[in-house]
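All of the numbers you see were taken from the coordinates with simple rules; none came from a lab. The model shown is predicted, which means the values in this text are computed figures rather than measured ones. FYI the Cβ positions are ideal-geometry reconstructions off the backbone, even for glycines, and counts take in every protein chain you see.
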Amino acid sequence: MKKLLFKILIISVCFNLFYACDSVKRVAEKERLLTKNTIKVNDEKVKTEALINLLYQQPNLKIPLINLPLRLHVYNLARPNIDSIIESNIFDKPSKRERLENFLSTKQFNKYVQSKKDFNNWLKNTGEAPVILNEDKAKRTVNRFKDYYINNGWFNVKANYDIENVGNKKAEVTYNVTTGNAFILDTISTDIKSAIVDTLYKKIKQETLLKRYDQYKTENFNKERERIASALRNSGIYHFKADYITYTMDTIGTNNKVNVGINIQDRAIRTQDSVSREPFDIFKIRDVNIITDYTFENRGKPFKDSIKYNSFKIYSYDKIKYRPKALTDAVFINPGAIFREIDKTRTYRHLNELRTFKYPNIEYIENKDNTLTDTIRLTPLKKFNFSFRTDGSQSNIQRVGFSVNPSLLIRNIFRGAETLEISGLASIGASTDANRNSDEDPFFDINEYGVDFKLTIPRLFSPFYTEPFIPKYMSPSTVISLSATSQTNIGLDKQSFSGVFNYNWYPNKKVSNRLDVFNIQYVKNLNIDNYFSVYTTSFSNLNSIAQEIGYVGEEDELSIPEDADIFISDVLSNNTVLTSDDNDYITVSNINERKNRLTENNLILASSFSFVNDERTNLFDNDFSIFRAKLEVAGNLFATAADLMGLERNSDDRFEILNVAFSQYTKAELDYIKHWDLGRNNVLAIRSFLGVAIPYGNSNSIPFSKSFFAGGPNDNRAWTAYGLGPGSLETTNEFNEANLKIALSAEQRFNIAGSLNGALFVDAGNIWNVLDNVDDARATFTGFNSLEDIAIGSGFGLRYDFSFFVFRFDIGFKTYDPSYQDENRWFNDYNFSNAVYNIGINYPF
């Protein structure tokens, strides 16, 4: 570790010396390179993101820790006069040019010359030009600071700047801000012309953002204007706009207080020659017309079919192909109701979510009696959509493979805007497995086929009336899916079946809920005898132990599966020299336990609820948080049925259904992600995860598919996937899993050059067994003292942003390894030879 720190110190010193000598290479004699900005507010240094983002000029971007402006150095490598250099070095020397042309040919010579220009341009475009101090921009920054503080209540703010030369062609700028005392809101009065608006305002007044004794903020005044306008437009005032709201403010002789007047004018009616004002009126919806098959070609044609349903009028140029309720459930604009802007927005969203129509057209026509006629024009999408995909593949376990994936989407299948998706999978492949007998087995010895049905219903499919609990503005939907697959490959071979019935709804733009009423999974392994041919590491360890204790000769090998299974049985039955206290005995026991876990058939009937609160505003938002929570309960229905039917337990004291012991457990997960935008493509991201699954009743362990694992490119990157834990156990299994997991990560992301970004990260966490059938103290969580087994990895990575996805490469170093039980756990394998190299797509969190 000391050697590593010494190397880092030497590299940092070299970088800084190089920076000092080379950073002003492209700075002219009378210019100065901006190296630092300092902001002082009331004589105290401030580094808030809000103020930093107001700077018109910031120094060249530097890589954290080593403080190196890499892009500036890349830019300085480019030659500003490349054309004249090429001219003097090549074209002005006929003999040199002649030699190059004879050696390369004229065509290759021209490409050689162009390549030098292209490389020089690449250096310029990839690099970052030196930021030259500009006093005009410093003055503009001062004005920005003044505006910022004035808009936040410091009306008497003063600001200036100082420039200090700090060496050869370098300078620093210090901005000084003196705020004075902040102004506070005092009396708030109103002047509202229309009586109806005045009445409505009094109902929403208590929710105002302008409150007495609050500090003045211009942002609150703008938000209050939008709030009032939105509330009025959602209360029937069809013609209202935010421009009708103005403010008057009095600060004269008020001792740092602001008296505010809110003014709302009457409606302006403009003609060619004049503008008159009239009081606002509340508008109601008189009619709602829905055209189900509108096209540009159909406009003006007479309708052939029409229905009146719950005061809605539904029209079609052909026969109506939709049940009226399916359409009206997606429309929030109701005949007889007052006009509300939000009803129009929700109608747009819900009609799009039906996946049955193109983007709808909603048009209001004003009637003379202060009513509106709303016409909704819908253009249907094609009823059937068929797709077909084929793939060819090759890998280290498969010589060649082919697959086909047909898919059929059927819209409005039951005339209620439902969509049915039917997809299939069929694949064949030829394995490279040496255990296959080429004389007996066919060339294509790998195959998989399956089918999946998914029905989406744009409402809650329930015998109960759910509108009071989950109103339709939450976009409720029901998904019913069934799938079945069968695999014959070089692994264990299996058949699986799954069925899901769930509800989804969205209380607002940020929150989503999902309730799996039931989720049934059935997995049957067909080729258990091939286990040790797949999990070769486990077999190698088993075979080595058999050789060491003389169970087989030193040059012999256990056969698969007969000898391997018999050897495990003999060890666990104490028919060998090994005893239960021997490490080799424990290893054999662990291998057997792992084999049983991975080859057991599974029957899981679970119900779960998931909650997600995603604060992201868009895909480019770098300042947000995401909270996820999930609770899953499995097996209780089967357990109750088994008791009522009086089923007998098997030899393991477990009930069986379809000759499979069903799983019974409760599982909970909490996941929190937070990103902070530090400016200039610099983001700090953290993640925390806690998950626990407790078996009970008919189970003493969690199914492998429902357990937790640690390590991998999206977890603790200093360990490979499934390679960490449980606890301090140094296991030799290929797949390590447990039923309790803690994971913590922090990552700083920064830009290096163009689309290339870097990251420094620290990952921590582990998995443990708790309240199940594992009793190894090293693998179980016994209390807070077990937290000392939390593994820590650290490292760095590169990311290249292709716009539509991010390619990621990370190197993780084992910083704190809990598997070192009786010695120092810090930095034992902190080197590149023991590092883990991860490749991933998009960010880990």
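If you rank VAL517, VAL260 by fewest surrounding Cβ atoms within 10 Å, what's the result?
With the sparsest Cβ surroundings first, the list reads VAL517, VAL260.
Which percentage, to the nearest 5, of the DSSP beta bridges contained in segment 184-278 is antiparallel?
Beta bridges within segment 184-278, antiparallel portion: roughly 60 percent.
For the chain, what relative contact order do you get, as a whole percent, if you take Cα pairs closer than 8 Å and at least 6 residues apart?
The value is 6 percent.
Taking neighbour Cβ counts within 10 Å as the exposure measure, how do SER794, SER559 sort from fewest upward? Intermediate results must be reported in sequence, preceding the final value.
On the way: SER794 19, SER559 13.
Lowest to highest Cβ neighbour count: SER559, SER794.
So which of LYS223/LYS257; LYS117/LYS137; LYS203/LYS472; LYS36/LYS223; LYS674/LYS741; LYS509/LYS674 end up more than 29 Å apart by C-alpha?
Working: LYS223/LYS257 21 Å; LYS117/LYS137 33 Å; LYS203/LYS472 26 Å; LYS36/LYS223 36 Å; LYS674/LYS741 19 Å; LYS509/LYS674 18 Å.
Violating the 29 Å limit, Cα to Cα: LYS117/LYS137; LYS36/LYS223.
At 20 Å minimum axial length over the Cα atoms and a Kyte-Doolittle cut of -1.0, report the qualifying DSSP H helices in the chain, or say none.
Result, helices passing both filters: 2-22.
Assign one of three labels to the chain, namely rounded, prolate or oblate, based on the Cα gyration tensor with a ≥ b ≥ c the square roots of its eigenvalues; rounded applies when a/c is under 1.5, prolate when it is not and a/b is larger than b/c, and oblate otherwise.
oblate
Give me the distance in nm between label points sitting 7 Å out from Cα along the Cα-to-Cβ direction at PHE784 and ASP677, one decimal.
4.0
What is the distance in Å between the Cα centroid of segment 47-87 and that of segment 194-217?
Each part reduced to its Cα centre gives a spacing of 49 Å.
Only bridges with both residues in segment 280-374 count here: give the DSSP antiparallel percent, nearest 5.
If I count the DSSP bridges inside segment 280-374, around 55 percent turn out antiparallel.
With a/c under 1.5 counting as rounded, go ahead and sort segment 528-599 into rounded, prolate or oblate using the C-alpha gyration tensor (a ≥ b ≥ c being the square roots of the eigenvalues; past the cut-off, prolate if a/b is larger than b/c, else oblate).
In terms of gyration-tensor shape, oblate.
Take TYR112, TYR294, TYR522 and order them by how many other Cβ atoms sit within 10 Å, fewest up front. Don't skip to the answer; put the middle values down first.
Details: TYR112 14, TYR294 22, TYR522 19.
Least crowded to most crowded, the residues run TYR112, TYR522, TYR294.
In segment 338-388, which trypsin sites (Lys or Arg not before Pro) are in a loop and have at most 10 other Cβ atoms within 10 Å, using DSSP for the loop call?
On the way: sites: ARG340, LYS344, ARG346, ARG349, ARG355, LYS358, LYS368, ARG377, LYS382, LYS383; in loops: ARG340, ARG355, LYS358, LYS368, LYS382, LYS383.
Those satisfying the criteria are LYS368, LYS382.
Would you grab the residues whose amide H sits under 5 Å from the one on ILE702? Only those 5+ places off in sequence or on another chain, please, with H modelled 1.01 Å from N.
none
Between their Cα atoms, which of LYS524/LYS630; LYS325/LYS454; LYS124/LYS158; LYS313/LYS344 are more than 29 Å away from each other?
Over 29 Å Cα-Cα: LYS124/LYS158.
Using Cα centres only, tell me the gap between segment 324-384 and segment 645-715 in whole Å.
43
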